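Peer 1: The structure that follows is given in the form of structure tokens.
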Amino acid sequence: MIAHRGFSSRAPENTVAAFDLAIGAGFDNIELDAHLSADGVPVVIHDDTLDRTTNGSGPVSSLTLAELRELDAGAWFGDDREYAGDPIPTLDELLERYAGRAHIHLELKSQDPDLAGVVIALLRERGWLDAASGGPFDAPGLTITSFQYEQLQRSIALAGSEVRHGWLVQEIAGDTLQAAVDAGISGIYPRAPNATIESTHMAEQTGMSVRGWGVASEADLLQIYRAEAAGTTVDWPDSARAVLEGLSGDS
């Protein structure tokens, strides 16, 4: 179970509170999203605009780090304003905070051609690339992911193919799988409702690891599980674990 944007069903997504909650609950695989600020600093937020998860508006890339840090990334969550005032975290602070304690699944979210280079330089400086060649869920560990093939190509060119990279796709198909192999990508990650046991086995025969994304319901969770993927991102990892433990109990 990879805590999607942290424990995002219980705390505001992509905040320190959400990541701390996930790790405290025993989920040491966490997923986060990276964009660049106007002054080129990697910050952790999902959308390319600020409107949905902060009290700001407009593109993330239009504000400097100092301006972004003035925004409230927690007040929107829930009714009691428990997380009001939580800031947008920087990637650097999360790398420092969770060093040695987590496997970070780091999504290169924006299309900015500079993003991969800045992120790889920071990962190298912080020593995280040393943990990026282990297993797909080993903690500590690192997986760099993206929906964008070009971003993964940039990242692999800078970090090396020995660093684990995963391609987020709608479904696993023959041409997609071949493109992943050609690029030196080590994992291919289909949307959970589209996963099949046949496609998982096809990918594994090339040496790819397979895990899911886009789990919006218990049915999606069961689909990716029965497709024999190795794992998935999920907003509610505690409930998902209980569902799968229930299946094991039934057997």
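The values are calculated or read from the model by the stated rules, or taken from the named source; none is laboratory data. Keep in mind that this is a model prediction, so the values were computed, not measured. Glycine also receives a Cβ, built like all others from the backbone with ideal geometry; neighbour counts cover every protein chain displayed.
Peer 1: Are there any pairs, at least 6 apart or on different chains, whose C-beta atoms fall under 6 Å, with the first in segment 88-110 and surrounded by 23 or more Cβ atoms within 10 Å (Cβ to Cβ) and the second part of a strand (DSSP E or B) and of a type in the set (D, E, K, R), and if so, which?
Peer 2: Close Cβ pairs satisfying both conditions: HIS105/GLU31; GLU107/ASP33; LYS109/ASP33.
Peer 1: Suppose we filter segment 1-47 for residues that are within 13 Å of the chain's Cα centre (by Cα), charged (D, E, K, R) and more than 19 Å from ALA216 (Cβ to Cβ); how many remain?
Peer 2: Residues in segment 1-47 being within 13 Å of the chain's Cα centre (by Cα), charged (D, E, K, R) and more than 19 Å from ALA216 (Cβ to Cβ): 1 in total.
Peer 1: If LEU106 passes every condition in (1) over 20 Å from ILE2 (Cα atoms); (2) under 15 Å from the mean Cα position of the chain (by Cα) but one, which one does it miss?
Peer 2: (1)
Peer 1: While we're here: Within segment 197-214, does at least one residue satisfy the condition of being in contact (Cβ under 8 Å) with a residue 12 or more places away in the chain, surrounded by 23 or more Cβ atoms within 10 Å (Cβ to Cβ), under 19 Å from ALA132 (Cα atoms) and not β-branched (Val, Ile, Thr)?
Peer 2: yes
Peer 1: Right, ALA38: surrounded by 20 or more Cβ atoms within 10 Å (Cβ to Cβ), at negative phi and either touching an Asp or Glu at 6+ places or on another chain (Cβ under 8 Å) or assigned to a loop (DSSP other than H, G, I, E, B) (or both) or not? Spell out the reasoning first.
Peer 2: Values: surrounded by 20 or more Cβ atoms within 10 Å (Cβ to Cβ): no; at negative phi: yes; either touching an Asp or Glu at 6+ places or on another chain (Cβ under 8 Å) or assigned to a loop (DSSP other than H, G, I, E, B) (or both): yes.
Against the criterion (surrounded by 20 or more Cβ atoms within 10 Å (Cβ to Cβ), at negative phi and either touching an Asp or Glu at 6+ places or on another chain (Cβ under 8 Å) or assigned to a loop (DSSP other than H, G, I, E, B) (or both)), ALA38 does not qualify.
Peer 1: How many of the residues in segment 178-237 are part of a loop (DSSP other than H, G, I, E, B), at negative phi and touching a helix residue (DSSP H, G or I) at 6+ places or on another chain (Cβ under 7 Å)?
Peer 2: The initial filter retains those residues of segment 178-237 that are part of a loop (DSSP other than H, G, I, E, B), namely 184-186, 195-196, 205-208, 214-217, 227-230, 235-236.
Checking the rest, the ones that are also at negative phi come to 185-186, 195-196, 205-206, 208, 215-217, 227, 229-230, 235-236.
Applying the additional criterion that residues be touching a helix residue (DSSP H, G or I) at 6+ places or on another chain (Cβ under 7 Å) yields 185, 195, 206, 208, 215, 227, 229.
Number satisfying all stated conditions: 7.
Peer 1: Among the residues of segment 200-242, which ones are of a type in the set (S, T, N, Q) and touching a Pro at 6+ places or on another chain (Cβ under 7 Å)? Spell out the reasoning first.
Peer 2: First, pick out the residues of segment 200-242 that are of a type in the set (S, T, N, Q): 200, 205-206, 209, 217, 223, 232-233, 239.
Within segment 200-242, SER209, GLN223 qualify.
Peer 1: Then there's this: Name the one entry in LEU122, LEU152 that is in contact with a Leu (Cβ under 9 Å, 6 or more places away or on another chain), in contact (Cβ under 8 Å) with a residue 24 or more places away in the chain and farther than 18 Å from ASN14 by Cβ. So that I can check it myself, show each step before the final result.
Peer 2: Working: LEU122 fails: farther than 18 Å from ASN14 by Cβ.
Only one candidate passes the filter, namely LEU152.
Peer 1: Would you mind finding the one in ILE88, ILE104, ILE30, ILE23 that is assigned to a helix (DSSP H, G or I) and either modelled with pLDDT under 95 or among the β-branched types (Val, Ile, Thr) (or both)? Walk me through how you get there before you give the answer.
Peer 2: Values: ILE88 fails: assigned to a helix (DSSP H, G or I); ILE104 fails: assigned to a helix (DSSP H, G or I); ILE30 fails: assigned to a helix (DSSP H, G or I).
Only one candidate passes the filter, namely ILE23.
Peer 1: Here's something else I'd like to know. Just give me the residues in segment 111-126 being modelled with pLDDT of 95 or more, surrounded by fewer than 22 Cβ atoms within 10 Å (Cβ to Cβ) and not basic (Lys, Arg), in sequence order. Even if it seems obvious, please write down each step before you answer.
Peer 2: Residues of segment 111-126 that are modelled with pLDDT of 95 or more, as a first pass: 112-126.
Now drop any that are not surrounded by fewer than 22 Cβ atoms within 10 Å (Cβ to Cβ), which leaves 112-114, 117-118, 121-122, 124-126.
Result: ASP112, PRO113, ASP114, GLY117, VAL118, ALA121, LEU122, GLU125.
Peer 1: Are any of the residues in segment 1-9 assigned to a helix (DSSP H, G or I) and more than 17 Å from PRO140 (Cα to Cα)?
Peer 2: Step one: list which residues in segment 1-9 are assigned to a helix (DSSP H, G or I), which gives none.
No, the conditions are met nowhere in segment 1-9.
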